[in-house]
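Just below is one structure, and these are the notes that go with it.
The values are calculated or read from the model by the stated rules, or taken from the named source; none is laboratory data. From a predicted model like this one, the values you see are computed outputs, not experimental measurements. Accessible surface areas use protein heavy atoms only, side chains included; no ligands, DNA or RNA. Shrake-Rupley method; radii C 1.70, N 1.55, O 1.52, S 1.80 Å.
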Amino acid sequence: MILIITGATGIAESTAECATREGHSVFVVGRDLTGDLRDEAVSEQAVTACLERYGRVDGLFNVAGISGRRFGDGPLHECSVEGWTETLDNNARTTFLMSRAVLRHWIATTSPGVILNMASVLAFSPEPRHFASHAYAASKGAILSMTTAMAAYYAPHGIRVNAIAPGVVRTPMSARAQTEAAILEFIEAKQPLSHGMLAAEDIARAALFLLGEHSRHITGTVLTVDGGWSVC
């Protein structure tokens, strides 16, 4: 496979490493590598660059995103306009722009392909005590709705669109949670299958399944990889 992966750390980095080990080619798109993904020109340039290098694109994994806490995300009555805007722009807008760029190529060339979007268990299983980041939840909810709508529309073109919804994963984004004893104790109980935070590789391997040939008849699905969060 020829995969475009947005983001350069955490789950994106682990997925790129796993994909490379399995013999796939990966084109990494990140702010430090290609530019600001909120800029529609950057997304178009990224797809063009991948095509120039590899000749095709088989799959897109939209991983890049942020926690908006440092911008003021939080409970809605406390959430700043900056926190809301930055979070939605960095999560939902970047997913929209990268997906649009790849879809335009696939439609123009009548090529099949697969898109995997990064959601979160917080989009449908909220936690008010430790993870009351309402802009973040809204951005991931938007991604889930967009995924379903895209899957329905593009299925006749042979294009699959799915989402993956992780629990709390040990990545740079979860640095705050990794240092607070009360949160770590909560996650250990909330994610009993992983006995705490998930490893990025756990998400990466599930992602590669959804991006690969073994899931060729799966579209419009949200795969929850949360260590039990949503049922505990």
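With the full set of protein chains in place, find how many percent of the accessible area of the chain is carbon and sulfur; take the probe as 1.4 Å. Could you put the intermediate results ahead of the total?
Working: 5840 of 10620 Å².
Summing carbon and sulfur atoms, their accessible area is 55 percent of the total for the chain.
One-quarter of the Cα convex hull surface for the range 45-162, in nm²? Please list the in-between numbers first.
Working: hull surface 31.3 nm².
About 7.8 nm², averaged over all directions.
Could you give the semi-axes, largest first, of the ellipsoid that matches the chain, computed as the square roots of 5 times the alpha carbon gyration tensor eigenvalues and rounded to whole Å?
Working: eigenvalues 161, 74, 54 Å².
Values for the chain, descending: 28, 19, 16 Å.
Measuring with a 1.4 Å probe in the full set of protein chains, what accessible area per residue, in whole Å², belongs to the chain?
Value for the chain: 46 Å² per residue.
How much mean residue ellipticity at 222 nm does the chain get from its helices, if each DSSP H run of length 4 or more adds -39500 (n - 2.57) and you divide by all residues, to the nearest 500 deg cm²/dmol?
On the way: 8 runs with 98 residues, N = 232.
Helix contribution divided over all residues of the chain: -13000 deg cm²/dmol.
Counting only residues 5 or more places away or on other chains, whose amide H sits under 5 Å from the amide H of residue 224 once H atoms are built in the peptide plane?
For residue 224, whose amide H was placed from the backbone, the distant partners under 5 Å are 165.
Roughly how many Å² of residue 71 are accessible to a 1.4 Å probe, to the nearest 10?
Solvent-accessible area, nearest 10 Å²: 50 Å².
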